[in-house]
Amino acid sequence: MMTQGLYIAAGLLLFFLGLWSFIMHAPVLRKLIALNVMGSGVFLIFVTFAYRGQEAAPDPVPHALVLTGIVVAVSATALALALWRRLEDQDGD
């Protein structure tokens, strides 16, 4: 039970570190990295809630949702980087 609290605390730390970075930094790339850090914190917390104890198997639904969320986050990050690069190229012309 103590390790579960440690994982939740680490997830909250990641989330709030990403939130602070998103608010404090102006460059778009840093904001994008901050959003990914926030997402990692949420994924860690969500997987931690799937734990049911040593005797029972973990709940598979949160694991499936986190896996889907990781795929969506990677795709959204790639799209955001492509759009950001295109905007940077247009501003240079």
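Rule-based calculations on the coordinates, nothing more; no lab input. Just so we're clear, the structure is a prediction, and the values are computed from it rather than from any experiment. Cβ atoms come from the backbone with ideal geometry, glycine included; neighbour counts cover every protein chain shown.
Counting only alpha carbon atoms, the long axis of helix 28-49 and the longest principal axis of the chain meet at about 10°.
For the chain, the set of chymotrypsin sites (Phe, Trp or Tyr not before Pro) satisfying both a DSSP loop assignment and a count of at most 12 other C-beta atoms within 10 Å is empty. In a fully extended conformation the segment linking TRP20 and TRP84 would gain 20.9 nm over its present Cα-Cα distance, using 0.36 nm per residue. Loop-located trypsin sites (Lys or Arg not before Pro) in the stretch 13-76 (DSSP state not H, G, I, E or B) with no more than 10 neighbouring Cβ atoms inside 10 Å: ARG52. Compared with the dominant principal axis of the Cα atoms in the chain, helix 60-92 is inclined by about 10°. Computed on the stretch 2-92, with alpha-carbon pairs under 8 angstrom and 6+ residues apart, the relative contact order is 25 percent.
Mean residue ellipticity, 222 nm, helices only, the chain: the sum of -39500 (n - 2.57) across DSSP H runs of n ≥ 4, divided by residue count and rounded to 500, is -30000 deg cm²/dmol. Here the chain is assigned +1 on the Cβ of each Lys and Arg and -1 on the Cβ of each Asp and Glu. Its dipole about the Cα centre then comes out at about 140 debye. Rg/Rh for the stretch 2-92 stands at 1.11; both radii use Cα atoms, and Rh follows the Kirkwood definition. Taking Cα atoms only, the orientation of helix 2-24 departs from the longest principal axis of the chain by about 10 degrees.
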